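Presented below is the structure to which this report refers.
The values are calculated or read from the model by the stated rules, or taken from the named source; none is laboratory data. Just so it is clear, the structure is predicted and the values come from calculations on it, not from any experiment. Here the Cβ is made from the backbone with ideal geometry for all residues, glycine too, and neighbour counts use every protein chain on show.
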Amino acid sequence: MNKWILGAIVVAMPCVAQAASKHSNAGNHNAKFDQLFKAVDANGDGSISRQEAELKAPAMADGFDAIDTNHDDGLSKNEIKAFTAALDKKRREFSQQLENADKDKNGMLSREEAYAMPKLSEHFDEIDSNIDGQLVIKEIADYLRNNSNTAPAQASASVSPPAVAHATAPTLAQ
């Protein structure tokens, strides 16, 4: 009987540790989010105005109207979290589309593979910066980063500058 209890504990401990780790990471993420929010919310009123965003978070200011879903001219934590979650979902979907298009699974898209993603195919030569006939994620990200101002505002808006290039990724997925 004691062997069964010991066995159950040995099996359960990694699961408990993993669950605790996920909870801890979520807590760290929330604490960092709160810290960044407070840094941008200069007057401490719990809402980020367009002016505060323009001064301290230009990428957020660029997408202000898309993030401000209740149109009260202020960004709440919930609005930013919801927008970020939507962007994360779009990034995951775009990554999945890239993975599906990469038929030979070599981590690159040939011109033929890129046909599965019409917008990517349409801009293939512009994106293929080293002119090797293959697209890698760095070339796609660089292209998006350099051309983010041509993407629709709601797709290019972000709460952090590095996310701007990734936020526009779905525009090429269509």
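Points worth noting:
- Of all the criteria given as (1) within 21 Å of the chain's Cα centre (by Cα); (2) at pLDDT 95 or above; (3) of a type in the set (A, V, I, L, M, F, W, C), the one not satisfied by F94 is (2).
- Neighbours by Cβ (under 7 Å, 6+ apart or cross-chain): first from the stretch 18-38, surrounded by 10 or more Cβ atoms within 10 Å (Cβ to Cβ); second basic (K, R) and modelled with pLDDT of 50 or more: F37/K77
- Residues that are modelled with pLDDT of 95 or more and assigned to a helix (DSSP H, G or I), drawn from the stretch 126-137: E126, I127
- Subset of the stretch 62-74 that is out of contact with any Leu (no Cβ under 8 Å at 6 or more places or on another chain) and within 16 Å of L87 (Cβ to Cβ) - its residue that is surrounded by the most Cβ atoms within 10 Å (Cβ to Cβ): G63
- Hits in the stretch 44-75 (condition: out of contact with any strand residue (DSSP E or B) (no Cβ under 8 Å at 6 or more places or on another chain) and among the polar types (S, T, N, Q)): Q51, T69, N70
- Exclusive hit being surrounded by 18 or more Cβ atoms within 10 Å (Cβ to Cβ) and under 30 Å from A42 (Cβ atoms), set F83, F94: F83
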